[in-house]
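See below for the structure under consideration.
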Amino acid sequence: MRGVIERLNDEGLGVLRAGKKEILVPHAAPGDEVEILKTRRKKRKVIALEFRVIKPSSLRTEPPCPYFGRCGGCLLQHIPYEEQVHWKAGKLSRHLGQNVEVMPSPKIFGHRNRIDVVISTSGIGFRRYGTWWEAVDITICPVFGEASSKVLKSLREFIEDFKLSEYDIKKNEGFLRYVVIREGKFTGELMVNLVTKEGKLPEEFPDYFPYATSVYWSVNRTESDVSYGDVERFWGQEFIREKLGDVVYLIHPNSFFQTNSYQAVNLVKKVAELVDGERVLDLYSGVGTFGVYLAKEGLEVEGVEINPFAVEMAKKNARLNNVNVAFRVGRDRNVGNLSNYDTVIVDPPRAGLHPKLIQKILKDTPETLIYVSCNPKTLAQDISALAGRYRLEFALGLDMFPHTPHVEAITLLRKFDV
């Protein structure tokens, strides 16, 4: 069948209307005239597996990455960046019910500070779009930058020299699983983390990465297809460092950090601008990204995080920056009286706030809430649930993820008297 792509849905897929049905077309642009060659059903949706562009949209541009359209990492490289930002602003505005601007990323290539590359029998790279069993072989990831080319070249030489078995994704077999590459964009420090199944790693492994600040070997002892494991050994520095403004953060293979350092600077700055008062509670505090930055600004901060390892890293980051932050392990809805704080910051997972935390906020009614979210849908739902006592006073999108449908949002909610 043929038709014209009307728009992009929230997941960045083109929407083609066929009678009463919609066909979702990946890597399409609004205005493309396309012919659908093959489809599949997924959770009541019809998705195009194969299509060809008969007449390209005026929006369509040539993607810089040679793997675009096959690799599942980027979905929107064929759309000019200013249009990507405009589309993300429209998505946020629809969900929040008001006009929301999106701050573009300072860099749109070389911006990612982490990539997880599968080492498989079908290729060393990223999953082919729409599959879990096949990888697209790559030699460089443009959104990470030139260091990816160097690491992948060294990795291939290591595999060739020692004839090590690569991961057979379908059979869940093979010694080598993933290489995770992390880079401090403002420090230039580089980490290479090889993730394997249990087995023997040749002693020469770190010699293939003499340019890396930190080289790790991690072992995944589970049947799960994941890109992390127990640290078996490391060479060089235990951590690499990243800087956001004047604040330095330590990065470990198993710790989370915002993947776009250039935009993360704007994120922490904007949160700091929105804080009202002196006492701040940082819920979902992670490795202290907000907490340490705010303490450096002279605020009194407490951080609560359910992951003990993240709390340990947050404490290290506080000591490194010579600030005093009370980070502790705890559940989001089991904290003390929220009214004891001038500002409460929440940065939950994609699922949003736990219903019990929403009830606690409505009971304790702290004056100011700063809600940071990577999921506009759950953000809007939570704001609606808080609407009986809180008014949305400010909303801003930040494009942390160029060429993908994802967008980060910062919102300010203020208590009002009933």
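The values are calculated or read from the model by the stated rules, or taken from the named source; none is laboratory data. From a predicted model like this one, the values you see are computed outputs, not experimental measurements. Using ideal geometry, Cβ is built from the backbone for each residue, glycine included, and neighbour counts are taken over all protein chains shown. Surface areas here come from the heavy atoms of the whole protein model, side chains and all, with no ligands, DNA or RNA. Shrake-Rupley method; radii C 1.70, N 1.55, O 1.52, S 1.80 Å.
Of the conditions (1) without any contact (Cβ under 8 Å) to a residue 60 or more places away in the chain; (2) over 23 Å from Tyr262 (Cα atoms); (3) surrounded by 13 or more Cβ atoms within 10 Å (Cβ to Cβ), Gly19 satisfies every one except a single condition; which number is it?
(3)
All but one of (1) among the hydrophobic types (A, V, I, L, M, F, W, C); (2) open to solvent by 10 Å² or more (accessible area, probe 1.4 Å); (3) free of Cβ contacts under 8 Å to residues at least 60 places away in the same chain; (4) under 30 Å from Asn266 (Cβ atoms) hold for Leu164, so report the exception by its number.
The failed condition is (4).
Filter region 92-113 for residues that are under 18 Å from the mean Cα position of the chain (by Cα) and either open to solvent by 40 Å² or more (accessible area, probe 1.4 Å) or of a type in the set (Lys, Arg) (or both); which is nearest to Trp133 (Cα to Cα)?
Ranking the candidates gives Arg112 first.
Would you call Leu37 surrounded by 15 or more Cβ atoms within 10 Å (Cβ to Cβ) and either over 18 Å from Pro405 (Cα atoms) or touching a Lys or Arg at 6+ places or on another chain (Cβ under 7 Å) (or both)?
So Leu37 fails the test.
Can you confirm whether region 249-264 contains a residue that is open to solvent by 20 Å² or more (accessible area, probe 1.4 Å), within 27 Å of Ile361 (Cβ to Cβ) and either more than 18 Å from the chain's Cα centre (by Cα) or small (Gly, Ala, Ser) (or both)?
Scanning region 249-264 turns up no residue that is open to solvent by 20 Å² or more (accessible area, probe 1.4 Å), within 27 Å of Ile361 (Cβ to Cβ) and either more than 18 Å from the chain's Cα centre (by Cα) or small (Gly, Ala, Ser) (or both).
With a cut-off of at least 3 residues that are among the aliphatic types (A, V, I, L, M) and either at pLDDT 95 or above or touching a Lys or Arg at 6+ places or on another chain (Cβ under 9 Å) (or both), name the strands (runs of 3 or more DSSP E) lying wholly within region 238-283.
Of the strands (runs of 3 or more DSSP E) lying wholly inside region 238-283, those with at least 3 residues that are among the aliphatic types (A, V, I, L, M) and either at pLDDT 95 or above or touching a Lys or Arg at 6+ places or on another chain (Cβ under 9 Å) (or both) span 247-251, 279-283.
For residues that are touching a residue at least 40 places away in the same chain (Cβ under 8 Å), under 17 Å from Glu6 (Cα atoms) and surrounded by fewer than 19 Cβ atoms within 10 Å (Cβ to Cβ), tally how many sit in region 50-79.
Residues in region 50-79 being touching a residue at least 40 places away in the same chain (Cβ under 8 Å), under 17 Å from Glu6 (Cα atoms) and surrounded by fewer than 19 Cβ atoms within 10 Å (Cβ to Cβ): 1 in total.
Working only within region 202-218, note down all residues that are buried (at least 18 other Cβ atoms within 10 Å of the Cβ) and either in a strand (DSSP E or B) or not small (Gly, Ala, Ser) (or both).
Phe205, Pro206, Tyr208, Phe209, Thr213, Ser214, Val215, Tyr216, Trp217, Ser218
Residue by residue through region 221-237, note down the ones that are without any contact (Cβ under 8 Å) to a residue 60 or more places away in the chain and either among the hydroxyl-bearing types (Ser, Thr, Tyr) or touching a Lys or Arg at 6+ places or on another chain (Cβ under 6 Å) (or both).
Of everything in region 221-237, those that are without any contact (Cβ under 8 Å) to a residue 60 or more places away in the chain and either among the hydroxyl-bearing types (Ser, Thr, Tyr) or touching a Lys or Arg at 6+ places or on another chain (Cβ under 6 Å) (or both) turn out to be Thr222, Ser224, Tyr228.
I need the full set of residues from region 284-310 which are crowded, with 23+ Cβ neighbours inside 10 Å and in a strand (DSSP E or B), in order please.
Once the filter is applied, which keeps residues that are crowded, with 23+ Cβ neighbours inside 10 Å and in a strand (DSSP E or B), region 284-310 yields Val301, Gly303, Glu305.
Looking at region 1-40 only, could you name the residues that are charged (D, E, K, R), outside any strand (DSSP E or B) and at pLDDT below 95?
Filtering region 1-40 down to residues charged (D, E, K, R) leaves 2, 6-7, 10-11, 17, 20-22, 32-33, 35, 38, 40.
Add one more test, that the residue is outside any strand (DSSP E or B), and what stays is 6, 10-11, 20, 32.
Scanning region 1-40 gives a single hit, Lys20.
May I ask you to verify whether Gly31 is closer than 18 Å to Ile5 by Cα, in contact with a Ser or Thr (Cβ under 6 Å, 6 or more places away or on another chain) and surrounded by fewer than 18 Cβ atoms within 10 Å (Cβ to Cβ)?
So Gly31 passes the test.
Conditions (1) open to solvent by less than 20 Å² (accessible area, probe 1.4 Å); (2) closer than 18 Å to Lys269 by Cα; (3) in a loop (DSSP other than H, G, I, E, B), marked per residue:
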site	(1), (2), (3)
Lys360	no, no, no
Val372	yes, yes, no
Ser384	no, no, no
Ala387	no, no, yes
Arg414	no, no, no
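Restricting the first residue to region 344-358 and requiring it to be part of a strand (DSSP E or B), which pairs with a second residue that is at pLDDT 95 or above and of a type outside the set (Val, Ile, Thr) meet a Cβ separation below 6 Å and a spacing of at least six or different chains?
What qualifies is Val344/Leu281; Val344/Leu338; Val344/Pro366; Val344/Leu369; Ile345/Asp282; Ile345/Phe290; Val346/Leu283; Val346/Tyr371.
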